[in-house]
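The values are calculated or read from the model by the stated rules, or taken from the named source; none is laboratory data. In this text the structure is predicted, and so the values were computed from the model without any measurement. Using ideal geometry, Cβ is built from the backbone for each residue, glycine included, and neighbour counts are taken over all protein chains shown. SASA here: full protein model, heavy atoms, side chains in, ligands and nucleic acids out. Shrake-Rupley method; radii C 1.70, N 1.55, O 1.52, S 1.80 Å.
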Amino acid sequence: MANVSSSNGLEKRPKLRFPGFDEPWEEKELSHYLVENVERNRGLAFGKEDVLSVSGEYGVVNQIAFQGRSFAGESVAEYHVVETDDIVYTKSPLKANPYGIVKVNKGVPGIVSTLYAVYHPLNTVVPRFIDLYFANDLRLNKFLKPLVNIGAKHDMKVNNSFVLTGTVIFPSIGEQQRLVDFFAILDRRIESQKKIVDALKKYKRGVMSVLLSSKANPYYSPETWKEVSLSDVASGFEYGINAAATIYDGSHKYIRITDIDDSSHLYIQDELVSPEGQVEEKYRVEENDILFARTGASVGKSYCYRRSDGELYFAGFLIRIHVNSGVDCSYVFQNTLTEAYRRWVMLESARSGQPGINAEQYKQYRFLLPPIEIQKKISFLASNLDALISKGEGLISQLGRTKAALLQQLFI
């Protein structure tokens, strides 16, 4: 059977198929699969604790559980009711999705504000197939772009029912279910791996809280362990080059404040170089260097240089310290990953209007310093745990890439 093309030139067959499915996918309006849910919460069957939000990463989630509090107005009587397996379209733009996102409610029923559109699935579609189909950003954006007008205030100008006039290319309901079942297995594998990594992180926090900040650890001796400040064990405390004085050209790697994540890993997405193309050696990061974020939401995040990261320089809003010889750099770094350190960051950064910690404040951070041989033992244990965590996170990333590739290959 020859491949049949849709009206927009796309073949009606994905690149990969499950055995037993060979018929072309059909191009139809979304209204063939969904109908607008116009039910409101006027009977107040749901309260503010039942308000749902939509996340690009987590889908439809309880707002309080996800964001820590409810953002609902005084009355939720006009909120849309969302049943389990209903599809929710949020018109709030995201960086990767300028026309909003479409997600299925996989959890319990609830309500969403009138800024959302809600749709019931018909018996022609497996609800979670809709979620998979629109999980690809390019596919979602191409579907929504012709349907949406963006207002002067960057709000979405689109009628809820008009969204259903957009065309999609879907397989038979049997193949939809097969795809949903397949990706459910993959999602469970990803979630299982995340739990393993979370358990490792929790275990490491517990171990290090004893070894670094508790006198109950087996290595502690009051005669040899001393309380020190960062200024006692490090020098420098230098600020990075102003980011405004750099340009993109892909020649040199400059670490910026946004390149350090919550796990103190490094993710450099763009490479910077000075306007004249000359690298200033004083901004080069070397062994025994630790970087600290000094402002904004990233304040307190730290990064310890590793030789495997190659040639690196550091840009603005970062402070570089150089750990003195005779002190284990990794041990000092591990002290910046503890709960005690995070509490200190919160207190210090709250002293100014905008969250921030300057070099003089960082100099005052205090922790316990054992003899060098004990420092190295603790660092060795921490490094081994970090390696296991990193390996686990790498597997999560690999599984995520596999899922994204399959979503591209198994869907039109």
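Using every Cα-Cα pair within the stretch 116-222, state what percent have a distance larger than 16 Å.
Numbers: 4220 of 5671 pairs.
When all Cα pairs of the stretch 116-222 are counted, 74 percent exceed 16 Å.
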Once the dipole of the stretch 122-228 is set up from charges on Cβ (+1 Lys and Arg, -1 Asp and Glu), the residue from the list 146, 163, 196 lying farthest towards its positive end is 196
Contour minus end-to-end for residue 15 and residue 287, with contour as 0.36 nm per residue of separation and end-to-end as the Cα-Cα distance?
93.1 nm
Can you give me the C-alpha center-to-center distance between the stretch 71-118 and the stretch 385-408, rounded to a whole angstrom?
29 Å
Could you work out how much longer the chain between residue 351 and residue 231 gets when fully extended? Use 0.36 nm per residue separation minus the Cα distance between them, nm to one decimal.
41.2 nm
Given a 1.4 Å probe and heavy atoms of the protein chains only, how would you sort 80, 120, largest accessible area at the top?
120, 80
With the dipole of the stretch 287-403 defined by +1 on each Lys or Arg Cβ and -1 on each Asp or Glu Cβ, the option from 396, 336, 380 whose Cα lies farthest towards the positive pole is 396
What do you get when you divide the Cα radius of gyration of the stretch 271-412 by 2.2 N^0.38 Å, with N the number of residues?
1.29
Dipole moment magnitude, nearest 20 debye, the stretch 66-198 about Cα centre, only Lys, Arg, Asp, Glu C-beta charged
480 debye
Write down the accessible area per residue of the chain in Å², having rolled a 1.4 Å probe over the full set of protein chains.
52 Å²
Evaluate the Debye formula for the chain with equal point scatterers sitting on the alpha carbons, no solvent, and hand back log10 of I(q)/I(0) at q = 0.06, 0.10, 0.12 Å⁻¹, in q order, two decimals.
-0.36, -0.89, -1.09
Within the chain, helix-based [θ] at 222 nm, where runs of 4 or more DSSP H residues each add -39,500 (n - 2.57), nearest 500:
-10000 deg cm²/dmol
Give the carbon-plus-sulfur fraction of the accessible surface of the chain in %, rounded to a whole number; probe 1.4 Å, heavy atoms of protein chains only.
52 percent
Within-15-Å neighbourhood charge of residue 388 [Cβ basis; K, R +1; D, E -1]:
+4
Charge context of residue 210, other residues only, Cβ under 14 angstrom, K/R +1, D/E -1
+4
If I ignore ligands, DNA and RNA and count only protein heavy atoms, how much of residue 308 is accessible to a 1.4 Å probe, in Å² to the nearest 10?
110 Å²
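Are there trypsin sites (Lys or Arg not before Pro) in the stretch 330-412 that DSSP marks as loop and that have at most 13 other Cβ atoms within 10 Å, and which are they?
On the way: sites: 342, 343, 351, 363, 366, 376, 377, 391, 401, 403; in loops: 351.
Of the trypsin sites (Lys or Arg not before Pro), the ones in loops of the stretch 330-412 whose Cβ has at most 13 other Cβ atoms within 10 Å are 351.
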